[in-house]
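The values are calculated or read from the model by the stated rules, or taken from the named source; none is laboratory data. Being a predicted model, the structure only gives us computed values, none of them experimental. All Cβ positions, glycine included, derive from the backbone under ideal geometry; neighbour counts span all protein chains shown. All accessible areas refer to the heavy atoms of the entire protein, side chains included, with ligands and DNA or RNA removed. Shrake-Rupley method; radii C 1.70, N 1.55, O 1.52, S 1.80 Å.
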Amino acid sequence: MTSSRLPTILIALAVVLLLIYSSVFVVNAREQAIVLRFGQIRAVKTEPGLYFKLPFAFMDADRVQYIQQQELRFDLDNIRVQVSGGKFYEVDAFVIYKITDARKFRETVSGDRDAAESRLRTRLDASLRRVYGLRGFEAALSNERASMMTEVRDDLHRDAETLGLNIEDVRIRRTDLSQEVSQNTYDRMKAERLAEAELIRARGNEEGQRRRAIADRQVVEIVADARKDSEVLRGQGEAERNAIFADASKRDPNFYEFYRSMAAYNKALGSGGKTLVLPPNKSDFFKFFDSPAGAPALANPATPAN
């Protein structure tokens with residue numbers, strides 16, 4: 001009898017466990033849960049913990065839809081925006097948002113993140129075009145960029161509230177010039193740098209010529225001063241030499257005359273192989289040839305008497 005009831009007990013126990021399992025759901029700290037009963041929102045659980053619901057979700061009695069509670073992000077790439085001057089930027093942006101009203105999020109987009117992000121992308125695209133279009137070419141690359149992002153975030157905030165979302169932040173990841181604008185900008189910058197290089201080169205040549213002129217003038221002045229000093233020193237040397245010769249001639253006139261004659265012979269005859277045939281008694285220039293004392297020689301010496 002007992003053995004025949006065991007299967008029934010096990011089946012009943014399994015049904016009880018199944019009912020308990022299908023009646024319990026857990027909400028962790030990173031999510032929130034929406035309890036749906038026959039398609040209608042029955043409750044929203046935002047605190048982590050263990051909760052109960054009616055079993056048999058397959059009969060659409062009570063069903064739980066989990067919604068993420070942490071900050072989420074979506075990106076918008078390669079947006080072509082035009083600034084007030086007519087030039088184009090290519091912009092990459094991203095949005096940080098959070099689901100703050102799970103009930104409204106379920107009612108508007110059925111809890112579908114893709115649908116919500118699609119609506120935000122459309123609004124973000126329009127807002128970026130508007131904000132960039134009100135500013136000039138340099139604004140997106142200046143300190144004004146932060147205020148531009150704040151303005152975009154405020155634009156998105158109104159639409160996000162209708163979806164049960166809160167926009168935490170909007171950021172620009174990349175702001176590049178379009179291809180044609182980049183080429184034009186590069187050509188303009190290249191022309192400016194070439195002009196600046198020519199100006200620097202011209203200034204350098206002018207400065208070089210000025211410094212060379214100063215150096216040439218200084219060379220002329222230095223050479224002139226050196227020549228003047230050398231002439232002064234040469235004059236002083238000549239004067240000192242003449243004074244020495246004058247003093248020597250006063251002390252020993254005969255020796256001085258002999259020295260001067262020897263110097264004259266050396267200068268006149270030198271070592272060039274010159275030959276002079278002159279009678280020595282015809283000129284006082286050769287008076288030291290016959291006598292070291294410089295006595296003049298007789299033209300026809302007398303013959304001694306026998």
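Can you find a residue in the range 114-130 that is modelled with pLDDT of 85 or more, of a type in the set (Lys, Arg) and in contact with a helix residue (DSSP H, G or I) (Cβ under 6 Å, 6 or more places away or on another chain)?
There is at least one residue in the range 114-130 that is modelled with pLDDT of 85 or more, of a type in the set (Lys, Arg) and in contact with a helix residue (DSSP H, G or I) (Cβ under 6 Å, 6 or more places away or on another chain).
Among what's in the range 142-169 and is in contact with a Ser or Thr (Cβ under 8 Å, 6 or more places away or on another chain) and among the aliphatic types (A, V, I, L, M), pick the residue that is surrounded by the fewest Cβ atoms within 10 Å (Cβ to Cβ).
By that ranking, first place goes to Leu156.
Suppose we keep only residues that are open to solvent by less than 60 Å² (accessible area, probe 1.4 Å) and not in a helix (DSSP H, G or I) within the range 132-141. Which one would you say is modelled with the highest pLDDT?
Arg135
Quick one: Arg42 ticks every box in (1) open to solvent by 60 Å² or more (accessible area, probe 1.4 Å); (2) more than 15 Å from Arg63 (Cβ to Cβ) bar one, so which box is it?
(2)
Regarding the range 199-206, can at least one residue be identified that is in a helix (DSSP H, G or I) and in contact (Cβ under 8 Å) with a residue 60 or more places away in the chain?
No, that holds for no residue.
Out of everything in the range 24-36 that is part of a strand (DSSP E or B) and surrounded by fewer than 15 Cβ atoms within 10 Å (Cβ to Cβ), what residue ends up being nearest to the chain's Cα centre (by Cα)?
Residue satisfying both the conditions and the ranking: Val26.
Return a yes/no flag: does the range 97-104 have any residue that is under 30 Å from Arg63 (Cα atoms) and within 39 Å of the chain's Cα centre (by Cα).
yes
Within the range 80-92, is even one residue of a type in the set (Phe, Trp, Tyr) and modelled with pLDDT under 85?
Yes, some residue in the range 80-92 is of a type in the set (Phe, Trp, Tyr) and modelled with pLDDT under 85.
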